[in-house]
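J.: Have a look at this one before I ask anything.
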């Protein structure tokens with residue numbers, strides 16, 4: 001029987017997996033303490049090491065002074081069944097718990113998408129075994145296309161989209177396109193992202209799965225870890241997208257002026 005593999009929180013990131021012996025060594029050198037959050041497959045959520053009465057065999061945990069405690073943050077709690085992020089908001093926990101029980105390709109899609117996987121599972125018709133986003137609508141992509149692309153870490157697509165927006169701005173300026181027609185073009189671009197957003201994101205996830213499979217080979221645990229690291233969402237990238245949108249708007253205004 002394969003020995004349990006453990007992940008542990010290090011700052012606001014996770015490290016691992018390590019076996020029980022490795023976890024004990026980390027405890028001895030001080031990397032892992034009584035208050036360190038740990039998780040292994042099968043656990044419903046991340047828990048402090050001190051709260052675990054037993055793993056494969058008991059681990060002795062010495063009490064630590066309060067100065068070493070992790071600061072409590074209101075509204076932040078361990079996520080369920082996700083080795084990539086022990087600090088994900090509780091709202092994502094039920095969805096991650098559901099994803100943890102999946103197998104095969106479905107589990108891989110769940111790992112790369114993250115907390116909102118049930119929504120994409122339906123949009124992509126994964127339960128029908130066809131994996132397609134054709135004919136579905138994506139409201140966030142329609143309303144905030146570039147921001148949504150960056151939030152979902154589709155950086156290559158976002159870069160191409162910025163290039164398209166800049167090119168259209170330059171062409172409109174050179175041709176003296178009226179404001180009314182410019183608004184129609186902008187609306188048409190938004191419709192395009194709304195119509196194809198689900199398909200674009202599906203293709204992105206499939207590329208990430210292919211890359212993770214090439215790195216991890218047949219190691220399923222490592223593959224899920226790779227997908228969790230490559231996928232999910234990024235708040236930082238979202239902020240960057242907002243800055244880019246402001247910059248593109250400024251460039252457009254300068255060209256028009």
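The values are calculated or read from the model by the stated rules, or taken from the named source; none is laboratory data. Predicted, not measured: the structure shown is a model, and the values here were computed from it. Ideal geometry is used to build each Cβ from the backbone, glycine not excepted, and the neighbour counts take in all protein chains shown.
J.: Within region 144-181, how many residues turn out to be closer than 20 Å to residue 195 by Cβ and in a loop (DSSP other than H, G, I, E, B)?
T.: Counting residues in region 144-181 that are closer than 20 Å to residue 195 by Cβ and in a loop (DSSP other than H, G, I, E, B) gives 3.
J.: Being in a helix (DSSP H, G or I), assigned by TED's automatic domain parsing to the domain that holds residue 116, surrounded by fewer than 16 Cβ atoms within 10 Å (Cβ to Cβ) and in contact with a strand residue (DSSP E or B) (Cβ under 9 Å, 6 or more places away or on another chain) is the requirement here; does residue 222 meet it?
T.: Criteria met by residue 222.
J.: Still on this structure: When you check residue 236 against the structure, is it under 14 Å from the mean Cα position of the chain (by Cα) and free of Cβ contacts under 8 Å to residues at least 12 places away in the same chain, yes or no? Step through it out loud before you land on a result.
T.: On the way: under 14 Å from the mean Cα position of the chain (by Cα): yes; free of Cβ contacts under 8 Å to residues at least 12 places away in the same chain: yes.
It is true that residue 236 is under 14 Å from the mean Cα position of the chain (by Cα) and free of Cβ contacts under 8 Å to residues at least 12 places away in the same chain.
J.: Can you name the residue in region 112-143 that is modelled with pLDDT of 90 or more and at positive phi and is also farthest from the chain's Cα centre (by Cα) among such residues?
T.: 135
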